[in-house]
Each structure stands twice: as C-alpha cells, then as structure tokens.
1. Considering only the stretch 105-127, how many residues are more than 18 Å from Thr59 (Cα to Cα) and of a type in the set (Ser, Thr, Tyr)?
2. Quick one: would you say Gly40 is at pLDDT 95 or above, among the small types (Gly, Ala, Ser) and in contact with a Phe, Trp or Tyr (Cβ under 9 Å, 6 or more places away or on another chain)?
3. Out of (1) over 15 Å from Pro48 (Cα atoms); (2) in contact with a Gly (Cβ under 7 Å, 6 or more places away or on another chain), the odd one out for Ser139 is which?
4. Can you name every one of the strands (runs of 3 or more DSSP E) wholly within the stretch 58-156 that holds 3 or more residues which are among the small types (Gly, Ala, Ser)?
5. Taking only the stretch 157-184 into account, find how many residues are of a type outside the set (S, T, N, Q) and either exposed (fewer than 14 other Cβ atoms within 10 Å of the Cβ) or in a strand (DSSP E or B) (or both).
6. I want to confirm something. Restricting to the stretch 86-104 and keeping residues that are of a type outside the set (Gly, Ala, Ser) and over 21 Å from Asn62 (Cβ atoms), which single residue is surrounded by the fewest Cβ atoms within 10 Å (Cβ to Cβ)?
7. Tally up the residues in the stretch 53-103 that are at positive phi and out of contact with any Ser or Thr (no Cβ under 6 Å at 6 or more places or on another chain), please.
Amino acid sequence: MSITRFSRPILRLAGGALAVTLALSLAGPGCAKKEVATQGGAIGTEAPAFALPDLEGKTVRNTDLKGKVVILNFWATWCPPCRDEVPDFVRLQSKYRDQGLAIVGLSLDQGGAHDVRPFVDEYHVNYTMLIATQETAESYGGILGIPTSFVLDRDGKIVKRFVGRASAESFEEALRPLLTQTTS
C-alpha cells in the first residue's frame, strides 16, 4: 500500500471543500442580500411571525411585541461573538426599557432551555430569551451566521439587519430614532 492511495481521496475532499469555500467567498455579501430580499427578513417588510417557548415553556408570539421597538438576536451559547454581545444587550435593555425597547434572544442551541438557562443566570440576562427553531431562522431569510440581529420598529417592520457582532453604539444609532416614534 502506498501513501498516495490513501491521500488521493483526502486531497479530493480537501479540494472540494476549498472549492465550496472559494465559491462562497467570491459570491460575496450581495448574494446573501438577494436571498434575503426574496424571502422573509428583508428590510422594510413586516417581521415574520413566530410563536416560540421561553425558558419556562410559555409561548411568546411576535404579536406580543407590537408597539415596542425590538431587537431580535439569533445567537447560541457556544458562539463567542454572540456571548460578547450579551452584556451590551443587558445594558441597552436596562437603559431603554422604559422608552419601549424589547430585546429578544432567539437561541439556536440544540439543547434548548437546558443549555440556555445556566448562561442566562450567569450573565444576568434581563431580556426575553426564546428557543428558536430552524424554521424560525429560515423564515427570517435563512440565518447564515450568528449572531444575526434584526431591529424592528413599533409596527413590527424590519428596519435594520446586523450580521456578525455589532457594537452597542451601532444598535443605539439604529434604536434612537425609533424610540421617539409612535406606531402608525
């Protein structure tokens, strides 16, 4: 047996993976935006409906959030950039709750509340945490990476999408004008 006999299949797999990675990188962000524009989650559209359990098993619907400015944050406990955003969200929720801000974490953890509850307790999360499904992610245009956050106005329309970790300042810049508006 020669090493080349075993290395050829490995090289084919590595080459295939490289080709896929290269194709995705060449497609660039414009490709993802086109996908979002044809599916739910597009800027200017009403946020897709959901009915998801919180950590106690109580169902929360997006309609429960009408009249509030909302940050919907798709995340997971195992994701370092997601974890980095949580303290900012805790501060933003404390600062703007009385002005009508509602932050909602949409956890994509496989273990559901079992995985999320210890994290929420450790980080003193003061905002709603829901257990999302793959269908939820798909309804928002397909979540290609986490964290991904959507900012909704008081009428439930998507006004901003953040892909990747965003700063508290970026969120505040998006929130401030919405917090002073009333529903239509």
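1. The number of residues fulfilling the criteria is 1.
2. Details: at pLDDT 95 or above: no; among the small types (Gly, Ala, Ser): yes; in contact with a Phe, Trp or Tyr (Cβ under 9 Å, 6 or more places away or on another chain): yes.
Answer is no for this residue.
3. Unmet for Ser139, out of (1) over 15 Å from Pro48 (Cα atoms); (2) in contact with a Gly (Cβ under 7 Å, 6 or more places away or on another chain): (1).
4. Working: elements: 59-61, 69-75, 101-107, 128-131, 148-152.
In the stretch 58-156, the matching strands (runs of 3 or more DSSP E) lie at 101-107.
5. At the first step, the residues of the stretch 157-184 found to be of a type outside the set (S, T, N, Q) are 157-166, 168-169, 171-179.
Filter again for either exposed (fewer than 14 other Cβ atoms within 10 Å of the Cβ) or in a strand (DSSP E or B) (or both), leaving 157-164, 169, 173, 176-177.
Here the count works out to 12.
6. So in the stretch 86-104, the residues of a type outside the set (Gly, Ala, Ser) come out as 86-93, 95-99, 101, 103-104.
Checking which are over 21 Å from Asn62 (Cβ atoms) leaves us with 86-88, 90-91, 95, 98.
Working: Val86: 22, Pro87: 13, Asp88: 18, Val90: 16, Arg91: 13, Lys95: 13, Asp98: 8.
So the residue we want is Asp98.
7. Looking only at the stretch 53-103, we keep the residues that are at positive phi, and these are 57, 67, 100.
Okay, now just the ones that are also out of contact with any Ser or Thr (no Cβ under 6 Å at 6 or more places or on another chain), so 57, 100.
Number of matching residues: 2.
Rundown of residues vs (1) surrounded by fewer than 20 Cβ atoms within 10 Å (Cβ to Cβ); (2) farther than 19 Å from Arg83 by Cβ; (3) in the same structural domain as Val60 (by TED's automatic domain parsing); (4) in contact with a Lys or Arg (Cβ under 7 Å, 6 or more places away or on another chain), yes/no style:
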position: Leu106; (1), (2), (3), (4): no, no, yes, no
position: Gly111; (1), (2), (3), (4): yes, no, yes, no
position: His114; (1), (2), (3), (4): yes, no, yes, no
position: Val120; (1), (2), (3), (4): yes, no, yes, no
position: Tyr123; (1), (2), (3), (4): yes, no, yes, no
position: Leu130; (1), (2), (3), (4): no, no, yes, no
position: Glu138; (1), (2), (3), (4): yes, yes, yes, no
position: Gly141; (1), (2), (3), (4): no, yes, yes, no
position: Leu152; (1), (2), (3), (4): no, yes, yes, no
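The values are calculated or read from the model by the stated rules, or taken from the named source; none is laboratory data. Predicted model only: the values in this text are computed from it and were never measured. Methodologically, a virtual Cβ is constructed for each residue, glycine included, from the backbone with ideal geometry; neighbour enumeration extends over all protein chains shown.
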